[in-house]
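A.B. asks: This is the structure I want to talk about, given as structure tokens.
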Amino acid sequence: ELLLDAALEGASSKNHSIKKIVLHNCNIKPCRGCDSCRSGTCAINDDMDYILPYLEQAGALIIASPIYFYGLTSQVKALIDRCQVFWNRYYHHTQAQKNIPGQGALIAVGATRGEKLFTGAILTTSYFFKALNIEYKYELLVRGVEEFAAIREHPQELEAAYRLGQSLVTPTAP
């Protein structure tokens, strides 16, 4: 979360409005596979009703997560699974995909130094972004950080997160 805060500070420095959603404070029920999202809306009513409009309008999006068992946390995965509605809009054309393409980033921290530590998180995030019409553009992946707030011992990574936030909201030349 400290890396995310640094990235959001970087985005704010470029005069962009930001919205931080902390998933462990949200009530997001798991996808139940009912297929009602084929209509373009999810049948489950919970905090996703609040979050989905932000995702629909996002010009930039950062997924930030510690890595547990070589994957994103269950809270992030629940949000992604509930965005099946966007996948259905994209692949079944029941509704148009959002008009404004965006840019996305993954910030992830893992305790181990395994070669494939971030592979699952990268794949999941990139496919999630594709359903949202967001380009997977940046990543900040930090190995060997386990203790709570230990990222403070890595000021270079906090600075990299700040720059990532700035880059994410800076228009790129065509």
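The values are calculated or read from the model by the stated rules, or taken from the named source; none is laboratory data. Worth saying up front: this structure is predicted, and the values here are computed from it rather than measured. All Cβ positions, glycine included, derive from the backbone under ideal geometry; neighbour counts span all protein chains shown. The accessibility values were calculated without ligands, DNA or RNA, using every heavy atom of the protein model including side chains. Shrake-Rupley method; radii C 1.70, N 1.55, O 1.52, S 1.80 Å.
A.B. asks: By how many degrees, between 0 and 90 and to the nearest 10, does the Cα long axis of helix 155-169 differ from the longest principal axis of the chain?
C.D. replies: 40 degrees
A.B. asks: Given contacts defined as C-alpha pairs under 8 Å and at least six residues apart, what's the relative contact order of the range 19-174, whole-number percent?
C.D. replies: Taking the mean separation of contacting Cα pairs over the length of the range 19-174, I get 23 percent.
A.B. asks: Would you mind working out the accessible area per residue for the chain, using a 1.4 Å probe, and quoting it in Å²?
C.D. replies: Averaged over the residues of the chain, the accessible area is 57 Å².
A.B. asks: Nearest-5 percent of antiparallel DSSP beta bridges in the range 1-109?
C.D. replies: Numbers: 1 of 8 bridges.
Around 10 percent of the beta bridges assigned by DSSP in the range 1-109 are antiparallel ones.
A.B. asks: Right, something else. What three numbers, in Å, describe the spread of the alpha carbons of the chain along their principal axes, ordered from the longest?
C.D. replies: The Cα atoms of the chain stretch 48, 38, 29 Å along the principal axes, largest first.
A.B. asks: Additional query: Once the Cα atoms of helix 2-12 and of the chain are each reduced to a long axis, what angle between those two axes, in degrees from 0 to 90 to the nearest 10, is obtained?
C.D. replies: For helix 2-12, the angle is close to 70 degrees.
A.B. asks: Run the simple label-point estimate for Q156 and Y54 please: 7 Å along Cα→C-beta, distance reported in nm.
C.D. replies: Output for this residue pair reads 3.2 nm.
A.B. asks: Residue by residue through the range 77-84, what is 3J(HN,Hα) from phi via Karplus (6.51 cos²θ - 1.76 cosθ + 1.60, θ = phi - 60°)? Round to whole Hz and write x for glycine and proline.
C.D. replies: Per residue, the Karplus-derived 3J(HN,Hα) values read 5, 4, 4, 4, 4, 6, 8, 3 Hz.
A.B. asks: Three principal axis extents, largest first, for the C-alpha atoms of the range 59-159, in Å?
C.D. replies: Computed over the Cα atoms, the extents are 47, 26, 21 Å.
A.B. asks: If you don't mind, another one. Quickly estimate the mean residue ellipticity at 222 nm for the chain, helices only: each DSSP H run with n ≥ 4 gives -39500 (n - 2.57), and the total goes over all residues, rounded to 500.
C.D. replies: The helix contribution divided over the chain gives -11500 deg cm²/dmol.
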